[in-house]
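Inspection log for the structure reproduced underneath, given as structure tokens.
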Amino acid sequence: MANSILSSKLVIWVTFFVALVLQTIPWPGTMDVFRPSWLVLVTCYWVMAAPHRVNVGTGLILGLIWDLLLGSTLGVRGMMMAIITYLVAINFLVLRNMALWQQAMIMALLTMLGVLIEFFGEFVIQDVVFNPASLWVGLINGILWPWLFLLLRRVRRIWRVR
């Protein structure tokens, strides 16, 4: 029993690590607005699949780690991840029962909300200008969600993450 719990936590944290690596890989300057929010998508999946293992605190910690890796204002992405994780956590039963295309639309909207939260958090601290092109990430995440969902579900079933 303890071994399965340990392996479940390990699998979840390995997927978070892979998402962090994918999130921090440099992209060309003009293509950076199309970078998927891998960490947001992976966290949302695990909140829906295993809400007893991944929660708002996990989202906050992952967001703070993301801030540290990017060298940005500490806490902005942590706050954004905590809010998105909270919204998914309180509605995880509804989201689980939606069709995959509906979930993709929700993930696109949540990602756009995350971009806006991130902007307002930065705007309060420093003088930044909003780039409307940054909302493209919502469309990209909506397109990627079905494939990422199916991939992570397969990982969860192979490793028997409960």
Exercise for the section: Select the helices (runs of 4 or more DSSP H) contained entirely in the range 60-162, then report the ones holding at least 1 residues which are under 15 Å from the mean Cα position of the chain (by Cα), aromatic (F, W, Y) and surrounded by fewer than 18 Cβ atoms within 10 Å (Cβ to Cβ). Expected result: 76-90, 92-96, 136-158
Exercise for the section: Taking only the range 18-37 into account, find how many residues are without any contact (Cβ under 8 Å) to a residue 60 or more places away in the chain, part of a helix (DSSP H, G or I) and over 16 Å from R156 (Cβ atoms). Expected result: 9
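Read-outs throughout are calculated quantities, based only on the coordinates presented, and are distinct from any laboratory measurement. These figures come from a predicted structure and were not determined experimentally. Heads up, the Cβs are rebuilt from the backbone with ideal geometry, glycines too, and the neighbour counts pull from every protein chain shown.
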